[in-house]
Each structure stands twice: as structure tokens, then as C-alpha cells.
Amino acid sequence: GGDLVGYGEHPVECIRLAMQSGFAGVTGNHEKLALAIHATNAANIPPYWRRDTMMASLIRTAAALSPDEVRWLDELPYFRTLPGAILVHASLDDPRAWNYIEEEADALPSLQIVRGHQRHVIFCGHTHVQRLFTDPEDARMAEQIEENCYRIPPGLATVVTVGSVGRPRSDDHDERAAWVQWDPIERTVTFQRTEYANQAIDQDQT
């Protein structure tokens, strides 16, 4: 869902791994920031950026990028179509504005776009939180079939924020990688959490 870089200690390694594995994702605001920094004279970078965890990582990313990696990042699309769904980093109504979908009202502009379409499920990153929003003007709802699994009725406009593998956020401070499994045949969305060696320090807690 975008943001392969930013925060982490090995951003270029993440990019190279994605390039080698045939990554079929989308661009995020962090990719665009890294590219903008790469194109900027180092003397023009504000000093306070280097004291910010995310910006410092992006500055280091930009300095380490090869021409092929710059080209690859620059060619990542703002959205991709999936079977029955669309993948975008922020919101579908304006992918370049990096709008956060955190509440039903935030999701509505994107939901309006996919009403009545074959691809009626939108998967978004950006918020780092796992949530599901359905069209408030449709009387149907997503059917909860297991604790973290929901079946989406055919044609029900739905926005799913998928969480984040590398920097998940949640109300209960669950630090496991957060991701979503989509079954376009059964139309099921399963929210997943996976343990991994997470040694990241939340900047807000330091």
C-alpha cells in the first residue's frame, strides 16, 4: 500500500528487495518525499528535518538511491486495480492529496467513486491502522464470519485501511505487522497480524 521507505533503518534494502521480488504496489507520500529530496540540493534541506526520525530516514534514502532505484520509485503508480478491488495509498478520490481515511466521513468521497462498480472494494495504507468502512447509503453491511474476517456483499462499496507491516498503529499498541488478505472469489477481507523482530522506537514515546 505504499511507503516502503521512511522511519526504517534499511530503506534502500527494502526498495531493492521489492524490485527483485516483482513488487506490485503503489506509491506513497514517503516515496514522493524521498524523490523530492533526491532532486533537491543538500544545502537546501532544512536542518530540523535531520532531527526528525522520518525525515532523517528519507534524507538518507535519497542520498543512497541509484539511478535505477530512482526510476523505479518514480514509476510506481498512484493506484492499481486488483480482482474486484483497487489499491491506493491514501484516498481514491484524490490520491495525490494524501488524505487520511480515519472515520466514515473521510471514506465517503472514495466510497462514492466505486458505488455500483465491479471493483467496489478499496484498499488503503497511509493510516497504519486496520479498519473497514462500508457505504452508509447502502442498507447492507459487511458480514463478520470470524473474529477478524468479513465477507463483503457483491457491489457494496467498501474501504479497507490495511494497517502497516513495518510501523503498525492500533489502540492497544499491538506492534505486530498488520496486513490484510483479500479473497476476491469469496469476497472476504481478513485482518492479519504477524510477529516479527520489531526493534523500532515510537518517536511519540521518546
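Hey, if you put +1 on the Cβ of every Lys and Arg and -1 on every Asp and Glu Cβ in the chain, which of TYR150, PRO136, ALA62 ends up farthest toward the positive end of that dipole? Positive-most Cα among the choices belongs to ALA62.
Would you mind classifying segment 45-165 by shape? Square roots of the alpha carbon gyration tensor eigenvalues, ordered a ≥ b ≥ c; an a/c under 1.5 is rounded, otherwise it is prolate if a/b is larger than b/c and oblate if not. Prolate. Distance between the 7 Å Cα→Cβ label points at GLU186 and HIS117: 2.6 nm.
What is segment 99-156 by shape, rounded, prolate or oblate, if you read a ≥ b ≥ c off the alpha carbon gyration tensor as root eigenvalues and call it rounded for a/c under 1.5, prolate for a/b larger than b/c, and oblate otherwise? Oblate.
Across the options ALA107, TYR48, TRP179, the greatest Cα extent toward the positive end of the charge dipole of the chain (unit charges at beta carbon of Lys, Arg, Asp, Glu) belongs to TYR48. With springs connecting C-alpha atoms under 10 Å apart, model the chain as a Gaussian network and identify which of PRO46, PRO153, PRO168 has the largest mean-square fluctuation. Ranking PRO46, PRO153, PRO168 by mean-square fluctuation puts PRO46 first.
Across the accessible surface of segment 67-206, with the other protein chains kept in place and a 1.4 Å probe, carbon and sulfur atoms take up 46 percent. Return the FRET efficiency for the residue pair GLU102, LEU82: r is the Cβ-Cβ distance, R0 is 25 Å, and the value is rounded to the nearest 0.05. Taking R0 as 25 Å, the efficiency between GLU102 and LEU82 is 0.65. From a point 7 Å beyond the Cα of ASP68 in the direction of its Cβ, which residues of segment 1-39 have a backbone N at a distance under 13 Å? Correct set: 16-22. Shape verdict for segment 13-91, please, from the Cα gyration tensor: rounded (a/c under 1.5), prolate (a/b greater than b/c) or oblate. It is prolate, given that a/c is not under 1.5 and a/b is the larger ratio. Counting heavy atoms of the protein chains alone, PHE191 has an accessible area of about 30 Å² for a 1.4 Å probe.
Solvent-accessible surface of segment 1-98, averaged per residue with a 1.4 angstrom probe and all protein chains in place: 52 square angstrom. Give me the net charge of THR190's neighbourhood, meaning all other residues with Cβ under 9 Å from the Cβ of THR190; Lys, Arg count +1, Asp, Glu -1. In short, -2.
A Förster radius of 35 Å combined with the Cβ-Cβ distance from MET19 to ARG151 puts the calculated FRET efficiency at roughly 0.50. Protection proxy ranking, highest mean first, for peptides 57-66, 28-37, 113-122: 28-37, 57-66, 113-122, where packing is the per-residue count of other beta-carbon atoms within 10 Å, averaged.
From Cα pairs below 8 angstrom and at least 6 apart in sequence, can you work out the relative contact order of segment 111-181, rounded to a whole percent? Answer for segment 111-181 is 38 percent.
Under a model in which nothing but the beta-carbon of Lys, Arg (+1) and Asp, Glu (-1) is charged, segment 1-83 shows a dipole of about 140 debye around its Cα centre.
Only the Cβ atoms of Lys and Arg (+1) and of Asp and Glu (-1) were treated as charged; on that basis the dipole of the chain about its Cα centre amounts to roughly 620 debye.
Estimated from helical segments only, the mean residue ellipticity of the chain at 222 nm is -7500 deg cm²/dmol, where each DSSP H run of four or more residues counts as -39500 (n - 2.57).
When Cα Rg over 2.2 N^0.38 Å is calculated for this entry, the matching label among (i) 1.25; (ii) 1.06; (iii) 1.19 is (ii).
The charge dipole of segment 69-114, taken about the Cα centre with unit charges on the Cβ atoms of Lys, Arg (+1) and Asp, Glu (-1), comes to about 260 debye, rounded to the nearest 20.
The values are calculated or read from the model by the stated rules, or taken from the named source; none is laboratory data. Values in this document were obtained by computation on a predicted structure and should not be read as measured data. When we count neighbours, we look across all protein chains shown, and the Cβ atoms used for this are built from the backbone with ideal geometry, even at glycine. When the accessible area is computed, the model is the full protein with side chains, heavy atoms only, and any ligands, DNA or RNA have been set aside. Shrake-Rupley method; radii C 1.70, N 1.55, O 1.52, S 1.80 Å.
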